[in-house]
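The values are calculated or read from the model by the stated rules, or taken from the named source; none is laboratory data. Predicted, not measured: the structure shown is a model, and the values here were computed from it. Glycine also receives a Cβ, built like all others from the backbone with ideal geometry; neighbour counts cover every protein chain displayed.
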Amino acid sequence: MYRVWNFVTNYSLLLIGGAVLALAWVNLHPHSYHDFVEFVLIDNFFIGHAHEVEGHIHRTLTVHYLVNDVLMAFFFAIAAKEVWEAIILKNGSLRGKKAATPLFATAGGMLGPITVYLGLAAILGSDTFDAVSRGWAIPTATDIAFSYLVGRIVFGAGHPAVRFLLLLAIADDAAGLIILAVFYPSGELQPLWLLVSAGASLATFVFFNWLPRILDRGDQLRPVSSWVRKYLSFWPYAVAGAVSWYGFQEAGLHPALGLLPVVPAIPHADRAFGIFSEAEQYLTDLLNQIEHMLKYPVEVILFFFGLCNAGVEFSSIGTPTWLVLAGLLIGKPVGVLVFGWLAAHPLRLGLPQGMRTADLFVVGCVAAIGFTVSLFIASVAFTGGTTLEGINVQDAAKMGALFSFGAAIIAITVGKVLRVEKQQ
């Protein structure tokens, strides 16, 4: 049974299952589906969707808010952990010259989709542009888990292009977190509340990470650090995470990013083996232990994320759907190829040994799978009431994110056409 569960989670089948169930449910019985998603768990609560009632902020906790704004914070915390280690550790994958070409390719993989999306929208006229322009970030996303799995199918597990793809996806995640925080606030900005988040992170780092190490200096037994680790474990960081999350909600930033300030405060190993590396399970630092502790709960959370966000009626397919798809399927591969080529050849930063220039285009095709993060951005970029040609823009954009799964078939086909040699 464990092996079956491990297979299901490794291949994110719960997320796919939630999305498929949502599509079937909403197209068979839309009213009951929307009643479920918007079901009120607690009215007049301290967390939830905010609306003003008689001059006071009234919050309502719904199923949708619980999943998207509260539980998805754990998903983004895991993504932030990988980004943080890639940047801060000496052998981090986003440090030094080896990361230069992937970072250039990442920039192209974001600018390309934005250019295609907004360019085509402008060609279609001002009404279309005004209705969809806020969704410019939707096609910039790369679903790191699915892209990694498809990349292994196309290139084989041992091909240098797979590691290149992972570097690109991690950098893409980092940029995506910044875009969500800066361009898609959840309400009126109250930046002073961010001091609460920063204070929680700083206090936890000082008292439960830095100070124990200072007190243990010169003592190989590390008694203070061991006591903190044994008796307090992750609880100080859990409390700090809750405080930081609340600070983000009150600050008007998307609260799903609320755990990010706490991640750097957690004790971490001196090295990282890389995302999806089996070797990381043997690291005993608290940050890796928390990540592995969250693995299965986050998979369940992603099931409900798919269920609450992929419920789009097929009648919602429209112009935003094709704009998102064009940004992903055209802008992403072309952007990765052009910027990757510029970095590798004119700038002489090079490519990993065994990787061809043509492989950049294939990597771009694989990275065009937006899915999870594209769905998330679509849900925050548009309000449910925005329409274009009688079609709900948010639903149409979400359908484009769902259809981006087609990039997997395109990537496999392009890989065969360009004679990619698999390396196991």
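Just one of the listed residues (Ala238, Ala203) is modelled with pLDDT of 90 or more, of a type in the set (Gly, Ala, Ser), more than 22 Å from the chain's Cα centre (by Cα) and surrounded by fewer than 17 Cβ atoms within 10 Å (Cβ to Cβ), and it is Ala203.
Scanning region 254-270 for residues that are β-branched (Val, Ile, Thr) and either surrounded by fewer than 20 Cβ atoms within 10 Å (Cβ to Cβ) or assigned to a loop (DSSP other than H, G, I, E, B) (or both) yields one hit, Ile266.
All conditions but one from (1) of a type outside the set (Ser, Thr, Tyr); (2) assigned to a loop (DSSP other than H, G, I, E, B); (3) modelled with pLDDT under 90; (4) touching a helix residue (DSSP H, G or I) at 6+ places or on another chain (Cβ under 6 Å) apply to Glu291; the one that does not is (2). Looking only at residues of region 33-42 that are farther than 19 Å from Ser186 by Cβ and touching a residue at least 12 places away in the same chain (Cβ under 8 Å), we find that the one that is surrounded by the fewest Cβ atoms within 10 Å (Cβ to Cβ) is Phe39. Taking the condition more than 18 Å from the chain's Cα centre (by Cα) and either modelled with pLDDT of 75 or more or under 28 Å from Val298 (Cα atoms) (or both), does Asn91 pass? In short, yes. Annotation note: of Ala181, Ala137, the sole residue that is surrounded by 20 or more Cβ atoms within 10 Å (Cβ to Cβ) and under 16 Å from the mean Cα position of the chain (by Cα) is Ala137.
Against the list (1) more than 25 Å from Gly385 (Cα to Cα); (2) touching a strand residue (DSSP E or B) at 6+ places or on another chain (Cβ under 9 Å); (3) small (Gly, Ala, Ser), the condition Ala131 fails is (1). Close contacts from region 224-250, counting a first residue that is at negative phi and a second that is part of a helix (DSSP H, G or I) and among the polar types (S, T, N, Q), with Cβ to Cβ under 7 Å and a gap of 6+ residues or different chains, come to Pro236/Thr204; Tyr237/Thr204; Ala240/Ser201; Ala240/Thr204; Ser244/Ser197; Ser244/Ser201; Gly247/Ser197; Phe248/Ser197. Region 304-382 holds no helices (runs of 4 or more DSSP H) entirely within its bounds that carry 2 or more residues that are under 17 Å from the mean Cα position of the chain (by Cα), without any contact (Cβ under 8 Å) to a residue 24 or more places away in the chain and surrounded by 24 or more Cβ atoms within 10 Å (Cβ to Cβ). Checking each residue in region 121-165 for being of a type in the set (A, V, I, L, M, F, W, C) and farther than 27 Å from Ala181 by Cβ picks out Ile123, Leu124, Leu149, Val150, Ile153, Val154, Phe155, Ala157, Ala161, Val162. Listed by first and then second residue, the pairs with beta-carbon distance under 8 Å, at least 6 apart or on different chains, first residue in region 52-68 and in contact (Cβ under 8 Å) with a residue 60 or more places away in the chain, second surrounded by 11 or more Cβ atoms within 10 Å (Cβ to Cβ) and aromatic (Phe, Trp, Tyr), are Val63/Phe36; Val63/Phe39; Val67/Phe304; Val67/Phe305; Asn68/Phe305; Asn68/Phe376.
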